[in-house]
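Reading through the structure tokens given below for one structure.
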Amino acid sequence: MTDAPEEGADFDRRLAEARQRQGLEKPADPAKAAATSLLGIGMRVGVEMAAALAVGAFLGYWLDRVLHTKPLLMVVFLLLGGVAGVRNVWRLVGPKGPRP
Amino acid sequence: MATTIDVMGQFKLTTALGPVGASVNFTQSNLTMVVVCALILGLLHLGMAPRAVVPGRLQAAAEMLYGFVHRMCIDQIGEEGKAFFPFIFTLFSFLLFSNLFGLVPYQFTVTSHLAITAGLAVFVIVLATFVGLRTHGLHFFSYFLPEGLPIFLAPLIVVVEVISYLSRPISLSFRLFANMMAGHVVFEVFASFMVAMAASLGAIGYVMAVGPFALDVAMTGFELLVAALQAYVFAVLACMYLHDAVHLH
């Protein structure tokens with residue numbers, strides 16, 4: 001077996017042709033791929049929101065107990081938790097890129 | 001009525017391996033984990049033993065598992081992801097085999113306990129934070145302050161980002177735990193319908209019990225999807241958190 005590049009390219013071409021003939025190269029089905037990733041996203045969205053809300057509520061409750069400011073901080077942090085939940089979901093479904 | 005519907009009983013921990021296991025509180029959950037790890041090691045060892053150029057079935061399975069996780073690491077984390085490949089591979093194969101092993105009748109699902117999933121999720125988050133601090137030093141904390149932010153908004157956004165960061169282990173662990181538990185609860189609900197119908201309606205009940213049985217069969221197929229998907233989602237999210245720690249955005 002030689003490692004000559006032209007021979008490798010020739011092999012790749014013949015392999016691709018053979019796979020084409022045998023019907024092994026299925027054209028990617030964009031609708032199916034989108035449905036699978038949507039299922040994944042759908043399973044994540046709800047938990048992401050609820051988790052941030054729970055963390056906000058717990059942080060507020062804990063700070064209230066430490067600072068004796070019941071119930072002010074819990075109200076504030078519950079709202080912030082909701083904001084963080086929307087932030088989580090936005091990170092999931094929003095435009096991709098460096099820190100939108 | 002003789003049959004009561006006890007759907008949560010299946011998640012109760014009992015000791016395994018007789019009196020020896022009972023004396024050290026070795027539960028069926030621990031036993032299942034040992035079996036799952038043995039299955040993974042067995043697949044890799046027996047699969048790769050032939051070292052054939054054209055792989056057989058077992059070797060193909062082992063190679064596909066390896067290649068799939070390797071690609072996932074590099075796609076999600078980048079070139080640095082190779083360093084985390086052993087960890088992600090262990091995590092993914094453990095979760096995948098645990099989820100699938102739980103679908104074998106009479107077997108326990110390790111991942112249907114929050115203690116297990118939360119333990120893994122906390123491990124992932126602590127590792128990601130440690131990697132971030134190790135790579136970037138204290139500059140890591142700029143992760144909580146997006147660039148180009150008006151300074152008067154900073155206190156608000158930093159708190160929101162910190163809450164968002166802290167919510168990661170919770171969403172990570174609850175998603176896996178809730179999916180696995182809910183699936184097995186639904187199995188048991190339909191199964192108890194079957195028993196209740198057969199017990200109370202006689203011959204007609206036996207005919208009608210075919211309905212829940214068909215649903216359970218269909219659920220098994222769906223649960224196979226959920227088991228694989230949830231293991232994949234857990235591993236991908238672990239990769240994404242590590243990516244954030246390495247690249248800070």
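B:I74 falls short on exactly one of the conditions (1) without any contact (Cβ under 8 Å) to a residue 60 or more places away in the chain; (2) among the hydrophobic types (A, V, I, L, M, F, W, C); (3) within 14 Å of another protein chain (Cβ to nearest Cβ), and that condition is (3).
Among residues of the stretch B:41-56 that are closer than 17 Å to B:L96 by Cβ, those with a Cβ under 7 angstrom from a residue that is not polar (S, T, N, Q), sequence gap 6+ or separate chain, pair up as B:L43/B:L58; B:L43/B:A61; B:L43/B:A62; B:L44/B:A62; B:G47/B:L58; B:G47/B:A61; B:G47/B:A62. Can you tell me how many residues within the stretch B:1-48 are touching a Gly at 6+ places or on another chain (Cβ under 8 Å) and at pLDDT below 90? Result for the stretch B:1-48: 1.
Tell me, please, whether a residue that is in a helix (DSSP H, G or I) and either in contact (Cβ under 8 Å) with a residue 12 or more places away in the chain or on the phi > 0 side of the Ramachandran plot (or both) can be found in the stretch B:102-110.
yes
Restricting the search to the stretch B:1-40, which residues are farther than 19 Å from B:F89 by Cβ and small (G, A, S)? Within the stretch B:1-40, B:A2, B:G9, B:A16, B:G18, B:G21, B:A22, B:S23, B:S29 qualify.
Considering every residue within the stretch A:41-55, establish whether at least one is in a loop (DSSP other than H, G, I, E, B) and modelled with pLDDT of 85 or more. Checked the stretch A:41-55: no residue is in a loop (DSSP other than H, G, I, E, B) and modelled with pLDDT of 85 or more.
Within the stretch B:155-180, residues that are more than 9 Å from chain A (Cβ to nearest Cβ) and under 19 Å from A:V86 (Cβ atoms) reach partners that are open to solvent by 10 Å² or more (accessible area, probe 1.4 Å) and assigned to a helix (DSSP H, G or I) with beta carbons closer than 6 Å, at six or more positions or on different chains, in the pairs B:V158/B:F144.
Looking only at residues of the stretch A:58-88 that are among the β-branched types (V, I, T) and at pLDDT 90 or above, we find that the one that is surrounded by the fewest Cβ atoms within 10 Å (Cβ to Cβ) is A:V66. Restricted to helices (runs of 4 or more DSSP H) entirely inside the stretch B:1-78, those with at least 2 residues that are open to solvent by 70 Å² or more (accessible area, probe 1.4 Å) and closer than 30 Å to B:H243 by Cβ are B:28-48, B:57-77.
The values are calculated or read from the model by the stated rules, or taken from the named source; none is laboratory data. Please read these numbers as outputs of a predicted model, since none were measured by experiment. Counting neighbours? That spans all protein chains shown, and the Cβs are built from the backbone with ideal geometry, glycine included. Only protein heavy atoms, including side chains, enter the accessible area calculation; ligands, DNA and RNA are left aside. Shrake-Rupley method; radii C 1.70, N 1.55, O 1.52, S 1.80 Å.
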